[in-house]
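These notes concern the structure reproduced below.
The values are calculated or read from the model by the stated rules, or taken from the named source; none is laboratory data. What you see is a predicted model, and the numbers here were worked out from it, not measured in a lab. Virtual Cβ from ideal backbone geometry, glycine too; neighbours counted across all protein chains shown.
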Amino acid sequence: MIFQDPRAAINPLRRIGDFLTESLRRGSGLRPADATRRATELLEAVGLSAAALRRHPGELSGGMLQRVMIAAALMGEPALLLADEPTTALDVTTQAEVVALLADLRMRFGTGLLFVTHDLGLAAAISDRVYVMYAGRIAETGPADALFTRPRHPHTAALLGSTPRLDAPPGRLAAVDGQPPDLREELTGCPFAPRCRYATDRCAEQAPAPLPVPGDPARLVACHHSDQLEGKADD
């Protein structure tokens, strides 16, 4: 797993080398020299030198620490990386570098990547398939290109409509009226219904199940009125 804040995930009193090799030395019984060799290889793969092994976290920048976190996640040769908003604490330039690095490592090591983010631009840039969630439920899923150009759930369409775009005419961004539901209370019906202009009494009473989009079985949408959004990419 790659955590959101690397400074909160790495012990500030221990060296980077100890952090990277501990799981292999203790969990896999790997000799210290072999564990260090593996850590050095992965540090080089994420753009850092072996000198980082001797440093403490406070000696590295946020972007460098996030690279250390990525190397640590790869130490055990995982089949899947779970990245929990790994670029939130980084500036825009470093954010782009980390995203490009993750995309490259995913291809190089053949590792699956589950990328959790609130940034639609990042999701579009790095994902093959996107799951849009609302109130802990999957609202819509499908290939990234299709989902961002032809949304079929009102929540997805509202998110895209409230996102700034360079190719859009100047003007006020669309706002999503209302507030998210209180998840401490039991939800009945569609959780997005109070904020949805397509909502009917059925939406308030019956939660929609994710169903294939007609003519596009690779996409699923949980909406009673998804047909009303067909072709409304800019709605």
**Report entry** the stretch 203-231, subset part of a loop (DSSP other than H, G, I, E, B), out of contact with any Gly (no Cβ under 9 Å at 6 or more places or on another chain) and among the small types (G, A, S), residue modelled with the highest pLDDT
**Finding:** A222
Query raised in the report: For the subset of the stretch 98-108 comprising residues that are free of Cβ contacts under 8 Å to residues at least 60 places away in the same chain and surrounded by fewer than 14 Cβ atoms within 10 Å (Cβ to Cβ), which member is nearest to the chain's Cα centre (by Cα)?
Result: A100
Requested in this report: Inspect all residues belonging to the stretch 173-180 and state whether any of them is outside the structural domain of T156 (by TED's automatic domain parsing) and touching a strand residue (DSSP E or B) at 6+ places or on another chain (Cβ under 9 Å).
Outcome: yes
Query - Matching entry among L160, L114 (being in the same structural domain as D84 (by TED's automatic domain parsing) and closer than 20 Å to R219 by Cβ) - result: L114
Query raised in the report: How many residues are within 16 Å of the chain's Cα centre (by Cα) and either under 29 Å from S28 (Cα atoms) or touching a residue at least 40 places away in the same chain (Cβ under 8 Å) (or both) when one looks only at the stretch 58-92?
Result: 13
Query raised in the report: Is it fair to say R7 is touching a Ser or Thr at 6+ places or on another chain (Cβ under 9 Å) and in a helix (DSSP H, G or I)?
Result: no
Report task. Tell me, yes or no, whether the stretch 16-35 has at least one residue that is assigned to a helix (DSSP H, G or I), farther than 16 Å from L105 by Cα, among the hydroxyl-bearing types (S, T, Y) and at pLDDT 90 or above. Result -> yes
Query - Cβ-Cβ under 8 Å pairs, at least 6 apart or on other chains, the stretch 1-28 side within 21 Å of L114 (Cα to Cα), far side among the hydroxyl-bearing types (S, T, Y) and in a loop (DSSP other than H, G, I, E, B) - result: Q4/T88; D5/T88
Report task. Could you tell me which numbered condition I16 fails, if it satisfies all but one of (1) closer than 30 Å to Y131 by Cβ; (2) surrounded by 19 or more Cβ atoms within 10 Å (Cβ to Cβ)? Result -> (1)
Query raised in the report: Among the residues of the stretch 118-138, is any closer than 22 Å to L229 by Cα, in contact with a helix residue (DSSP H, G or I) (Cβ under 7 Å, 6 or more places away or on another chain) and of a type in the set (S, T, Y)?
Result: yes
Query raised in the report: Is the stretch 189-202 home to any residue that is touching a residue at least 12 places away in the same chain (Cβ under 8 Å), in contact with a Leu (Cβ under 6 Å, 6 or more places away or on another chain), surrounded by 13 or more Cβ atoms within 10 Å (Cβ to Cβ) and outside any helix (DSSP H, G or I)?
Result: no
Report summary line: Subset of the stretch 150-184, residues among the β-branched types (V, I, T) and either within 19 Å of the chain's Cα centre (by Cα) or surrounded by fewer than 12 Cβ atoms within 10 Å (Cβ to Cβ) (or both), comes to T156, T163
